[in-house]
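The values are calculated or read from the model by the stated rules, or taken from the named source; none is laboratory data. Predicted, not measured: the structure shown is a model, and the values here were computed from it. Don't worry about glycine lacking a Cβ; one is built from the backbone with ideal geometry, like all the others, and counts go over all protein chains shown. Areas reflect the complete protein model, heavy atoms only, side chains present, ligands, DNA and RNA absent. Shrake-Rupley method; radii C 1.70, N 1.55, O 1.52, S 1.80 Å.
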Amino acid sequence: MDIMTPRQTDILALARTQGRVVVDDLAARFNVTPQTIRKDLNELCDRRLLQRVHGGAVAGSGVENLGYEARRLIAQDEKRAIGRRAAELVPDSSSLFINIGTTTEEVARALQGRSGLVVITNNINVANLLRPEPHIEVIVAGGVVRRSDGGIVGEAAIDFFNQFMADFAVIGASAIDESGALLDFDYREVRVSQAIMANARHVILVADRGKLERTAPVRIGHISQVHTFVTDVLPSDRLARICRESGVRVEELFPDRATEPEPQD
């Protein structure tokens with residue numbers, strides 16, 4: 001197939017605008033069957049224009065992340081629930097790292113109103129969310145602010161985190177491989193995340209199931225380095241077994257949502 005159909009062109013435009021498209025929504029929008037939409041998505045994915053995820057597809061490839069605002073639109077309800085649960089795991093009067101990510105932002109949002117926290121972050125969005133809180137001290141890494149997502153990366157940020165030993169680290173990842181590898185797109189960001197993990201007593205990974213359906217080229221570490229994994233649902237038996245064998249506590253918020261993969265045309 002050398003030329004996209006008008007419907008496929010529209011689907012691609014929607015995915016790039018919204019970050020994610022859903023099979024059932026597209027079928028209703030274009031008045032065609034879900035099987036027809038799945039075929040469109042599979043053809044777009046074969047051309048590396050979209051990436052298939054459960055129930056639909058996302059923009060971006062395995063070597064380039066989605067735009068930050070588009071990522072905010074993906075699995076919003078799941079991210080909020082994950083953020084609330086992860087925040088519950090952090091007691092008042094604790095210190096914690098929070099790294100870059102739309103899910104870690106939801107953790108910060110859920111920490112609003114808490115007392116006695118010291119939050120150390122390289123995420124300007126997190127700092128802005130918590131800055132007005134009278135009983136939370138916010139410490140921000142120095143360095144260049146990345147325009148795309150408000151993240152601060154680089155050697156100065158690594159040195160900054162190496163000055164601390166926090167009670168908790170709340171980290172996200174762009175992708176999680178079934179082998180347990182935690183993956184991201186930016187080598188500089190990965191170096192900072194590694195420093196955060198190395199200097200925390202308890203590491204909390206926050207990620208929705210969509211991260212198991214994506215790939216990224218740079219290794220942050222392995223899930224065995226995490227103490228608690230908060231997710232909406234963990235459909236991978238292999239990854240669940242790795243977590244059990246590694247002593248990782250899994251907080252699965254919506255286990256009933258685990259289903260068999262949808263049929264591919």
Within region 187-204, does at least one residue satisfy the condition of being within 22 Å of residue 77 (Cα to Cα) and not basic (Lys, Arg)? yes
Residue ID - surrounded by the fewest Cβ atoms within 10 Å (Cβ to Cβ), chosen from residues in region 161-175 that are assigned to a loop (DSSP other than H, G, I, E, B) and in contact (Cβ under 8 Å) with a residue 24 or more places away in the chain: 165
Condition met for residue 87 (farther than 23 Å from residue 229 by Cα, in contact with a helix residue (DSSP H, G or I) (Cβ under 7 Å, 6 or more places away or on another chain), small (Gly, Ala, Ser) and at pLDDT 95 or above): no
Check region 200-215 and report whether any residue there is in contact with an Asp or Glu (Cβ under 6 Å, 6 or more places away or on another chain), surrounded by fewer than 19 Cβ atoms within 10 Å (Cβ to Cβ), in a strand (DSSP E or B) and modelled with pLDDT of 95 or more. yes
For residue 16, work out the one condition from (1) open to solvent by less than 80 Å² (accessible area, probe 1.4 Å); (2) modelled with pLDDT under 90; (3) not in a loop (DSSP other than H, G, I, E, B) it doesn't fulfil. (1)
What number of residues in region 1-53 are on the phi > 0 side of the Ramachandran plot and in contact (Cβ under 8 Å) with a residue 60 or more places away in the chain? 0
From the residues in region 19-39 that are among the β-branched types (Val, Ile, Thr) and under 16 Å from residue 53 (Cβ atoms), which one is surrounded by the fewest Cβ atoms within 10 Å (Cβ to Cβ)? 22
Whether any residue in region 66-81 is β-branched (Val, Ile, Thr), touching an Asp or Glu at 6+ places or on another chain (Cβ under 9 Å) and at pLDDT 90 or above is what I want to check. no
Among (1) at pLDDT below 90; (2) out of contact with any Lys or Arg (no Cβ under 8 Å at 6 or more places or on another chain); (3) assigned to a helix (DSSP H, G or I), residue 107 falls short only on (1)
Per the filter on region 124-160, residues part of a strand (DSSP E or B) and buried (at least 18 other Cβ atoms within 10 Å of the Cβ) are 136, 138, 140, 151, 152
Scan of region 220-235 for residues that are among the polar types (S, T, N, Q) and open to solvent by 10 Å² or more (accessible area, probe 1.4 Å), ordered by number: 224, 225
Find the residue count for region 176-191, including only residues that are crowded, with 19+ Cβ neighbours inside 10 Å and assigned to a strand (DSSP E or B). 4
Look at residue 94 and say whether it is in contact with a Ser or Thr (Cβ under 9 Å, 6 or more places away or on another chain), among the small types (Gly, Ala, Ser), surrounded by fewer than 19 Cβ atoms within 10 Å (Cβ to Cβ) and at pLDDT 95 or above. no
